[in-house]
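The values are calculated or read from the model by the stated rules, or taken from the named source; none is laboratory data. These numbers were taken from a predicted model, which means no experiment stands behind them. Here the Cβ positions follow ideal geometry from the backbone for every residue, glycine too, while neighbour counts run over all protein chains shown. Calculation scope for accessible area: heavy atoms of the full protein, side chains included, ligands and nucleic acids excluded. Shrake-Rupley method; radii C 1.70, N 1.55, O 1.52, S 1.80 Å.
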Amino acid sequence: MADPALDALVDALRCLPGVGQKSAQRMAYHLLQHDRAGAIKLALALESAVTEIGHCERCHTFSRAPVCDVCLDESRDKHLLCVVETPADQAALERTGSYKGCYFVLLGRLSPLDGLGAKDIGLSALLDRASDGLVKEVILATNFTAEGEATAHVLAEHLKARGLKVTRLARGVPVGSELEYVDLGTIAHAFMDRR
């Protein structure tokens, strides 16, 4: 019979995406048997992150301060506002080094099946942010899933109604790929979005 503390650790690890019972058990056993120092480091880092990190008041990304470093950066182009679904999406765009504007993080996407509507993803906060008098173009960088496309469509309609220029990230054939291995939907979109 397993110890209640071990069971609690396994259950806690199962909350991570893609981690099932067996993976959680392996992680728990590894930490307890081979890396107790790592386990303590992990626990302290989690506690610190959960208690110290909130959301930026302007863009909603993760931040320890009321306003994040990106929003405070005077060198950013205040005329561009890129809308993403999650802080992870923002981080991915930042890693490219190719975008120097501002962001708005929705913290989700429209998903009627999950009961998530426009209020749940902060549509009114986005409209207020985009209508601040500085923003000239809103770039919709939601994911290219059915929910992401629906979200982009709804956002575009509301933003255009306010007289804002709205663009969408381009999509197409990935760099370095061979056409015969690219899915047909991607090829079709590449033809439609060609320049």
- The one condition V19 fails out of (1) among the aliphatic types (A, V, I, L, M); (2) open to solvent by 50 Å² or more (accessible area, probe 1.4 Å); (3) over 30 Å from C102 (Cα atoms); (4) within 23 Å of the chain's Cα centre (by Cα) is (2)
- Message: Can you confirm whether A161 is buried (at least 19 other Cβ atoms within 10 Å of the Cβ), among the aliphatic types (A, V, I, L, M) and out of contact with any Ser or Thr (no Cβ under 8 Å at 6 or more places or on another chain)?
- Response: no
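Determine if region 98-115 includes at least one residue that is polar (S, T, N, Q) and more than 23 Å from A170 (Cα to Cα).
no
To keep it simple, each residue is scored yes or no on (1) in contact with an Asp or Glu (Cβ under 7 Å, 6 or more places away or on another chain); (2) of a type in the set (A, V, I, L, M, F, W, C).
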site: S124; (1), (2): no, no
site: S131; (1), (2): no, no
site: L140; (1), (2): no, yes
site: N143; (1), (2): yes, no
site: H153; (1), (2): no, no
site: G163; (1), (2): no, no
site: V173; (1), (2): no, yes
site: E180; (1), (2): no, no
site: D193; (1), (2): no, no
- Message: Condition first: open to solvent by less than 30 Å² (accessible area, probe 1.4 Å) and in contact (Cβ under 8 Å) with a residue 12 or more places away in the chain. Can you find one or more residues in region 177-185 that meet it?
- Response: no
- Message: Can you find a residue that is modelled with pLDDT under 90, surrounded by fewer than 16 Cβ atoms within 10 Å (Cβ to Cβ) and of a type in the set (S, T, Y) anywhere in region 137-148?
- Response: yes
- Lone qualifier among R26, R58 - being in contact with a helix residue (DSSP H, G or I) (Cβ under 6 Å, 6 or more places away or on another chain), surrounded by 13 or more Cβ atoms within 10 Å (Cβ to Cβ) and of a type outside the set (F, W, Y): R58
- Scan the helices (runs of 4 or more DSSP H) fully inside region 11-125 and keep the ones with 2 or more residues being touching a residue at least 12 places away in the same chain (Cβ under 8 Å) and closer than 19 Å to N143 by Cβ. 87-96
- Identity of the residue in region 23-69, closer than 28 Å to A2 by Cα and among the acidic types (D, E), that ends up farthest from the chain's Cα centre (by Cα): D35
- Item | Selected residue [open to solvent by 40 Å² or more (accessible area, probe 1.4 Å), closer than 30 Å to L127 by Cβ, polar (S, T, N, Q) and at pLDDT below 95] from S75, S98 | S98
